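Q: The following block contains the structure, expressed as C-alpha cells.
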Amino acid sequence: MKTFVAVFFAAAWLNLSPSAAEAPPNFAIHDAPKPVPEISFENGDGESRTLADFRGRVVLLNVWATWCVPCREEMPTLDRLQAKLGGSGFEVVALSIDRAGPAVVSEFFAEIGMENIDLYIDPSGKALFALGIVGLPATLLINPEGDEIGRLIGPAEWDSPEMIEFIRSKILDDRER
C-alpha cells in the first residue's frame with residue numbers, strides 16, 4: 001500500500017510540472033494552427049502596422065489595457081520575456097486597446113520601466129472583436145506563418161522558468177520545420 005501511495009503522489013507531482021513541450025496551466029494549445037484575422041494597429045510613432053509585419057517569427061500577441069489591473073501586473077513579466085527570448089525568431093507584441101491613445105500607454109511604460117517591448121495600440125478596440133477576445137488580458141501564440149497555435153485568457157507570469165522553456169520549445173519547433 002505504501003508503494004502505491006508513493007507512486008500515486010510521484011505521478012501527481014510529475015503532472016503538475018509541465019515539460020518544455022507541454023503548455024503551462026490555462027494555456028490552450030490548438031490541435032491544428034488556426035488562421036488569425038488580419039488586424040491593424042499603430043506603433044508609438046503613429047505608423048500603421050499589421051500582424052503580417054511580424055511574419056517569419058513566433059509572436060506572443062498580448063492584448064491589454066492600462067486600466068486593466070491584471071494587465072498592468074503582468075506587463076513587467078512580458079518585458080522580461082522579451083529581454084530573454086526576443087530577437088529574429090521571437091517577439092512579444094503587446095497591443096494596448098486604450099482609447100486615450102498612445103500617450104497614456106507611453107506614460108505607463110515609463111512609470112514601470114518598460115525597456116524591451118515596443119508600444120503598439122488599437123484605440124478602436126477592433127482587434128478584440130476580430131480575434132474573438134472576450135476578456136483581458138488575452139494572449140495569442142502565433143507561429144511564423146501567422147497562424148494561432150494557442151491562447152491564454154487571463155494573466156500569466158511570462159518570465160517564469162516553465163513559461164520561458166515552453167515558449168523556447170515553440171520557437172525551436174518552428175525553426176526545425
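Q: Treating each Cα of the stretch 26-175 as an identical point scatterer and ignoring solvent, apply the Debye formula and state log10 I(q)/I(0) at q = 0.11 Å⁻¹.
A: -0.36
Q: Roughly how far apart, in whole Å, are the Cα centres of the stretch 129-149 and the stretch 79-100?
A: 13 Å
Q: What share of the DSSP beta bridges in the stretch 26-175 is antiparallel, in percent to the nearest 5? Write out the running numbers ahead of the final one.
A: Values: 20 of 29 bridges.
Percentage antiparallel, nearest 5: 70.
Q: Stick to Cα atoms and the Kirkwood definition of Rh, then tell me Rg/Rh for the stretch 32-111. Present the calculation step by step, with values, prior to reporting the outcome.
A: On the way: Rg = 13.1 Å, Rh = 13.7 Å.
Dividing the radius of gyration by the Kirkwood radius yields 0.96.
Q: Which one of Asn116, Leu61, Phe41 is farthest out on the positive end of the charge dipole of the chain, using unit charges on Cβ (Lys, Arg +1; Asp, Glu -1) and the Cα centre as origin?
A: It is Leu61, whose Cα lies furthest towards the positive end.
Q: Given N residues in the stretch 130-177, what is its alpha carbon radius of gyration divided by 2.2 N^0.38 Å? Write down the numbers at each step before the final one.
A: Numbers: Rg = 11.9 Å, N = 48, 2.2 N^0.38 = 9.6 Å.
The stretch 130-177 yields a ratio of 1.25.
Read-outs: derived from the displayed coordinates by stated rules, not from any lab. Only a predicted model underlies this, so the values are computations on that prediction, with no experimental measurement involved. Note: ideal-geometry Cβ built from the backbone for every residue, glycine included; neighbour counts use all protein chains shown.
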